[in-house]
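> Let me begin by handing over the structure; questions about it come next.
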Amino acid sequence: MKTLVTGGAGFIGGNYVLTMVPRYPDEEYVVLDALTYAGNLETLKDIMDAPNFRFVKGNICDRAFVDQLFAEGHFDYVINFAAETHVDRSVEDPGVFLTTNILGVQTLMDACRKHGVKRYHQVSTDEVYGDLPLDRPDLLFREDTPLHTSSPYSASKAGADLLVLAYHRTYGMDVTISRCSNNYGPYHFPEKLIPLMISRALADESLPVYGNGANVRDWLYVTDHCNAIDMIVRRGRSGEVYNIGGHNEKSNLEVVRTILKALGKPESLIHFVKDRPGHDLRYAMDPAKIEAELGWKPEYTFETGIRKTIDWYLNNREWWEHIIMGEYQNYYAEMYRERN
Ligand code: NAD
Ligand code: DAU
């Protein structure tokens, strides 16, 4: 079996191949990644020379390139993690979000149809459902909750989801979609809340909390997300959407305080800053469908997952310090100088 993993040099796609390449030594994995600012080959160094792994640099929007890759690749499965993912960047510059997150998906699905790929899996997000009020803890997102987006990022992800379902209905394509809550764990780019706060707290820098810090996110340790995707790709029903989440709702202030306490740093580092425009109040997933149909259960609670994550950032300073210093962007040239 051969799987194309797009966006596999990013946070979740990287954790996905780092988990699956050694788990399934008889299966082949190819990562296609454009290495945008968010892609980092240093993440993949442990599997780069594995016999069942190959890295290809390229853009999912490049139709001719994608077609050629599929013609030669004979992929059974395509799992699309590639996307522009940072909400704040989408507020500043929506264009690339629409191009990559919608047109890139169309390009991949057209190639899947043309080259007879068995299943296309779209990695989507809880943000397509919009947000929930803070004072109604009984409300959760279900797969039939209407799409109702707030940011250019979430609108682009919702657009992609609709397109994927349209290809299923119109062309009979075998597709699945997963919508997961906020992930955290190793190799998370330090522009996102948890790694940003860990790296800044370690440097005794101020921690910018948007608004009053009361916004709630539903946190899932990244390998629990990867295991859920693996189950959906192998055993999920075609044309279905699966919500993924572990019932770990925390306010941003709770998350930041947990990090400060674990690092032995003072709460005086917290600095309340101007809120994000359109800031979603609360996300909370109902994962009942994937639990009942596929038997998925998360391995980590927030408490065990955040401890493991903080330890990883303490023990792997080089990985994130290279990002902060910009050095990771030279890695491709260095790594591939002798391969080209
Ligand atoms: P990320 O930003 O860390 O990584 C994205 C990867 O995609 C990078 O390696 C980047 O180089 C690559 N990429 C971007 N544009 C590309 C293009 N045009 N062609 C090829 N590669 C391209 O993102 P992430 O946090 O790992 O998210 C992965 C997926 O999971 C995204 O689709 C995102 O919407 C979804 N998701 C993320 C979360 C989360 O909490 N991070 C939660 C739910 C869903
Ligand atoms: O819910 C899934 C989504 O989670 C994914 O689809 C997105 O790709 C991913 O980026 C993430 O989106 P969020 O906007 O929830 O994540 P972020 O880490 O940017 O912010 C988490 C919360 O923390 C949010 O309420 C905004 C707040 N925040 C964020 C940053 C970067 C701050 O208060 N200060 C900050 O500096």
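The values are calculated or read from the model by the stated rules, or taken from the named source; none is laboratory data. What you see is a predicted model; the values in this text were computed from it and never measured. Because the Cβ atoms are built from the backbone with ideal geometry, glycine has one as well, and the counts that use them run over all protein chains shown. Heads up: the accessible areas ignore ligands, DNA and RNA and are worked out on the full protein's heavy atoms, side chains in. Shrake-Rupley method; radii C 1.70, N 1.55, O 1.52, S 1.80 Å.
> Six or more apart or on different chains, Cβ atoms under 9 Å: show the pairs whose first residue is in the range 3-28 and under 18 Å from residue 122 (Cβ atoms) and free of Cβ contacts under 8 Å to residues at least 12 places away in the same chain and whose second is in a helix (DSSP H, G or I) and open to solvent by less than 20 Å² (accessible area, probe 1.4 Å).
That search, which allows pairs on different chains as well, returns nothing.
> Which members of the range 128-175 meet the condition of being over 22 Å from residue 90 (Cα atoms), acidic (Asp, Glu) and within 16 Å of ligand 2 (Cβ to nearest atom)?
Selection gives 143 alone.
> Give 250, 261, 265 a once-over and let me know the one that is basic (Lys, Arg), part of a strand (DSSP E or B) and surrounded by fewer than 20 Cβ atoms within 10 Å (Cβ to Cβ).
The unique qualifying residue is 250.
> I'd like the residue in the range 58-99 that is among the hydroxyl-bearing types (Ser, Thr, Tyr) and touching a helix residue (DSSP H, G or I) at 6+ places or on another chain (Cβ under 8 Å) and, out of all such residues, is nearest to ligand 2 (Cβ to nearest atom).
Once the filter is applied, the top-ranked residue is 85.
> Still on this structure: Can you spot a residue in the range 213-223 that is within 15 Å of residue 244 (Cα to Cα) and in a helix (DSSP H, G or I)?
Yes, the range 213-223 contains at least one residue that is within 15 Å of residue 244 (Cα to Cα) and in a helix (DSSP H, G or I).
> Follow-up question, since we're still on this one. Counting only residues that are out of contact with any Phe, Trp or Tyr (no Cβ under 7 Å at 6 or more places or on another chain) and assigned to a helix (DSSP H, G or I), which one in the range 196-212 is surrounded by the most Cβ atoms within 10 Å (Cβ to Cβ)?
Looking at residues that are out of contact with any Phe, Trp or Tyr (no Cβ under 7 Å at 6 or more places or on another chain) and assigned to a helix (DSSP H, G or I), I get 197.
> Suppose we filter 152, 146, 133, 137 for residues that are crowded, with 20+ Cβ neighbours inside 10 Å and more than 21 Å from residue 228 (Cβ to Cβ); which single one remains?
Unique residue meeting the criteria: 152.
> Residue 289 versus (1) away from ligand 2 (no atom under 13 Å from the Cβ); (2) assigned to a strand (DSSP E or B): which is the lone unmet condition?
Result: residue 289 passes all but (2).
> Can you tell me which residues in the range 141-186 are in a loop (DSSP other than H, G, I, E, B) and either near ligand 1 (Cβ under 10 Å from one of its atoms) or within 15 Å of the chain's Cα centre (by Cα) (or both)?
If the condition is that a residue be in a loop (DSSP other than H, G, I, E, B) and either near ligand 1 (Cβ under 10 Å from one of its atoms) or within 15 Å of the chain's Cα centre (by Cα) (or both), then 181, 182, 185, 186 are the ones that fit.
> Quick one: is residue 4 touching a strand residue (DSSP E or B) at 6+ places or on another chain (Cβ under 6 Å) and either at pLDDT 95 or above or among the aliphatic types (A, V, I, L, M) (or both)?
Yes.
> I've got another one for you. Which condition number in (1) within 15 Å of ligand 1 (Cβ to nearest atom); (2) surrounded by 23 or more Cβ atoms within 10 Å (Cβ to Cβ) is the one that residue 117 fails?
Only one criterion is unmet by residue 117, namely (1).
> While we're on this one: What are the residues in the range 70-89 that are within 11 Å of ligand 1 (Cβ to nearest atom) and crowded, with 19+ Cβ neighbours inside 10 Å, if any?
79, 80, 81, 82, 83, 84, 85, 87
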